[in-house]
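The values are calculated or read from the model by the stated rules, or taken from the named source; none is laboratory data. All values derive from a computational prediction rather than experimental measurement. Note that we place each Cβ from the backbone using ideal geometry, even for glycine, and neighbour counts take in every protein chain shown. Note: accessible area is taken over every heavy atom of the protein model, side chains too, but ligands, DNA and RNA are not part of it. Shrake-Rupley method; radii C 1.70, N 1.55, O 1.52, S 1.80 Å.
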Amino acid sequence: MATPQIWNGSSWTPLTADKCSYWNGSSWVVPTDIKYWDGSAWQTIFPGSPPATIGLRATASNQANAVNTLDLTIPATVEVGDMLVLVVAQSFNGSPLFNAISGWTKQGEQRAGAAAYTLAVYTRLAQAGDAGATVTTTSTTAENYTAHLRAYSNVNQTTPLDTAVVFGEATVTATTASAPAITVTTTGAMIVAVYGVPTTTGTTLSATDWTDPTGFSDELTTCTTNTTNNTALATYNMLTPGTGSQGPFAATITQSRRWALATIALRPA
């Protein structure tokens, strides 16, 4: 198809992004792209436009004491093609601990040294019917159990992960630990940092007990509430400032514990 044209009052001129600005309620915004259907596929009108920015669509979480099954409701605002990042954690040191989930890709597990704590990361591109549905996670033993789900828009549909998930651990107790460095290959990637600890017996951690990693936002924290070691989990995200090696990313808590850690990089569409 030839380049689309627009009438400027005296002649036909090529259609460009700035000529398609729209009012968002407070300012004029230039679209990153407009697509048309050529009869078999969607084609871009502005092939030189920058990719859309990855955004956090929604989050969800759940926790329960001494269980081996935990349900989590996918937010109703999730759209087809969103990247779903599911992190689960339990107060048990097992390998493997978490079972496969139909339709999801298990990226791996990480233990917190010798401590009774293991987390796992799963991913999925949202499909029709996912919004508002329940995802059921299971493990091989009944322990304190928590889960986070983070949904991201404008993620690459062919290669949603910019690189493999990187896992790490702090095997010696400390109040500070770092999600591992990750090598980003695509400009505009979104980094998701994951931090997990078993609490001191009979205690809990809330959001105020966490000091966020520098540059990250959209904090989500959970903690079980049992009289044993509880399962605390915190997740954050940050758009990368560039490509190449990024991190490590340090976070701090109010207890000295062993840590399980992960870093995830999402590729923009």
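Observations on the model:
- Estimated from the Cβ-Cβ distance and a Förster radius of 22 angstrom, the FRET efficiency linking residue 35 and residue 239 is about 0.40.
- Largest accessible area first, the residues 141, 158, 185 order themselves as 158, 185, 141 under a 1.4 Å probe with ligands, DNA and RNA left out.
- Considering only 218, 71, 33, the Gaussian network model of the chain with Cα springs below 10 Å gives its largest mean-square fluctuation to 33.
- Environment charge of residue 172, counting only residues whose C-beta is closer than 15 Å and scoring Lys/Arg +1, Asp/Glu -1: +2
- Residues whose placed amide H lies under 5 Å from that of residue 161, excluding near-sequence neighbours: 267
- For residue 197, the accessible area of its heavy atoms, probed at 1.4 Å with every protein chain present, is near 0 square angstrom.
- Solvent-accessible heavy-atom area per residue, rounded to whole Å², over the chain at 1.4 Å: 44
- Other-chain or far-sequence residues with amide H under 5 Å of residue 220's (modelled H): 235
- Across segment 216-225, computed HN-Hα scalar couplings (Karplus, 6.51 cos²θ - 1.76 cosθ + 1.60, θ = phi - 60°) run 8, 9, 6, 4, 9, 10, 9, 7, 6, 10 Hz from first to last residue, x flagging Gly and Pro.
- Anisotropy class of segment 172-269 from Cα gyration tensor, a/c 1.5 cut: prolate
- Cα centroid separation, segment 104-120 to segment 138-159 (Å): 12
- The magnitude of the dipole of the chain, with charges of +1 and -1 set on the Cβ of Lys/Arg and Asp/Glu and taken from the Cα centre, is near 220 debye.
- Approximate spin-label separation residue 206-residue 42, in nm, with each point projected 7 Å along Cα-to-Cβ: 4.3
- Distance between the pseudo-spin-label points of residue 173 and residue 159 (7 Å out from Cα toward the beta carbon): 4.4 nm.
- A protection proxy built from the mean count of other Cβ atoms within 10 Å ranks the segments 147-153, 73-79, 19-25, 189-195, most packed first, as 189-195, 147-153, 73-79, 19-25.
- Of all accessible heavy-atom area on the chain, the percent that carbon and sulfur account for (1.4 Å): 51
- Using θ = phi - 60° and Karplus 6.51 cos²θ - 1.76 cosθ + 1.60, couplings along segment 172-184 (whole Hz; Gly, Pro as x): 10, 4, 7, 7, 10, 8, 10, 4, x, 4, 9, 9, 9
- Relative to the current alpha-carbon distance between residue 140 and residue 22, full extension at 0.36 nm per residue lengthens the span by 37.2 nm.
- Evaluated with a Cβ-only charge set (Lys, Arg +1; Asp, Glu -1), segment 115-269 carries a dipole of roughly 160 debye about its Cα centre, given to the nearest 20.
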